[in-house]
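Inspection log for the structure reproduced underneath, given as structure tokens.
Please treat every number below as a calculation from the coordinates, not as lab data. As the structure is a computational prediction, the values presented were derived from the model and not from experiment. Every residue, glycine as well, gets a Cβ built from its backbone with ideal geometry; the counts of neighbours run over all protein chains shown.
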Amino acid sequence: MMVRMFCMAAAWLCLALVPLRAAPEENARAVLERAVEAAGGEAWLNPTTLYLAGHAVFYAPDSATPRSTADDYRMWRAMNPNRTTAHGADGKVRITAKSGDRLMFEVGYDGTTTWTEKGVMPKDQADAYWASNFGFGIIREALGTGFTLERAPDRDVGGHPIALIRVISPDGATTLFGIDRQSHYIRYMGFVTPRGFHERYYDDFIRLPSGWVQAREVTLYYNGVKANTVYWRDVKVGEPIDPAFFEPPSSPDTKPT
């Protein structure tokens with residue numbers, strides 16, 4: 001009897017000494033494929049246009065309180081379906097920020113020229129501006145040829161465990177994306193910019209009838225300091241936008257409404 005008990009104890013000791021193996025790690029491609037499916041699949045991968053409207057709160061880097069609020073904040077996008085540059089001007093874009101009837105700022109890109117309410121922006125300034133602001137759209141191309149996907153150590157974002165991946169685009173730029181482990185929504189993005197390390201945190205997700213998933217709350221940071229939070233209210237995907245709308249305004253026909 002004693003011998004039997006000794007053998008059983010020895011067996012349990014041997015099992016205890018065997019190192020436990022972690023669950024197989026989901027590779028970066030599998031993480032991204034789940035994120036694409038959760039975001040709306042093909043409808044999310046290949047939008048032609050995107051319109052977002054809401055309000056935005058802006059912060060100064062040396063103050064704890066908001067610097068200003070745009071109660072009317074809008075963005076129009078015409079997408080480039082073959083994007084390979086992660087952090088440069090791409091497709092067409094127009095953004096307006098208003099406080100009441102006052103235009104706070106406006107910026108646009110018609111595919112060639114970057115402009116603001118003050119006029120055409122010099123190319124070197126424009127390149128730095130877009131390099132500090134463009135980055136999310138590259139994830140729609142990241143399953144394609146020429147892109148490298150890597151895993152990074154996972155983390156927690158706003159109480160949500162996320163799987164972190166690196167998307168390395170054909171131009172060599174690296175962008176971090178954080179995918180919610182439960183919902184598989186994209187909750188985080190980070191990349192190096194001329195303004196410092198830029199991060200975005202996404203929350204308050206909704207799903208449109210088309211399947212498109214949109215984060216209605218987006219907060220931007222540079223070097224760990226909050227720059228602004230945008231609260232989107234209206235979302236429209238795939239509706240026609242006249243290309244002239246993205247050109248520098250020269251007549252009432254191109255004024256945003």
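Counted by neighbouring Cβ atoms within 10 Å, the residues HIS184, HIS87 run from fewest to most as HIS184, HIS87. For the chain, the orientation-averaged shadow of the C-alpha convex hull comes to 19.4 nm² (one quarter of the hull surface).
According to the calculation over all Cα-Cα pairs in the range 170-251, the P(r) per 5 Å bin from zero is 3, 11, 16, 17, 16, 19, 13, 4, 1, 0 %. For the range 135-217, the square roots of the Cα gyration tensor eigenvalues, ordered a ≥ b ≥ c, give a/c of at least 1.5 with a/b greater than b/c, which places it in the prolate category.
Only helices enter the 222 nm calculation for the chain: every DSSP H run of n ≥ 4 contributes -39,500 (n - 2.57), and dividing by all residues gives -4500 deg cm²/dmol, rounded to 500.
When the Cα positions of PRO161, GLY178, THR116 are compared along the charge dipole of the range 24-245, THR116 comes out farthest toward the positive end, with charges on each C-beta of Lys, Arg, Asp and Glu. For the chain, complete DSSP H runs whose alpha carbons reach 15 Å or more along their own long axis and whose mean Kyte-Doolittle score is -1.0 or higher are 2-17, 28-39.
Run the dipole for the range 24-245 about the Cα centre, Lys and Arg Cβ at +1, Asp and Glu Cβ at -1, nothing else charged, and hand back the magnitude in debye, nearest 20.
160
Of the residues THR85, THR219, GLY144, the one whose Cα sits farthest toward the positive end of the charge dipole of the range 24-245, with +1 on the Cβ of Lys and Arg and -1 on the Cβ of Asp and Glu, is THR219.
Residues PHE191, PHE245, arranged from fewest to most other Cβ atoms within 10 angstrom of their Cβ, appear as PHE245, PHE191.
Within a Cβ distance under 10 Å of ASP110, other residues only, what is the Lys/Arg minus Asp/Glu net charge? Once all neighbours under 10 Å are counted, the net charge is +1.
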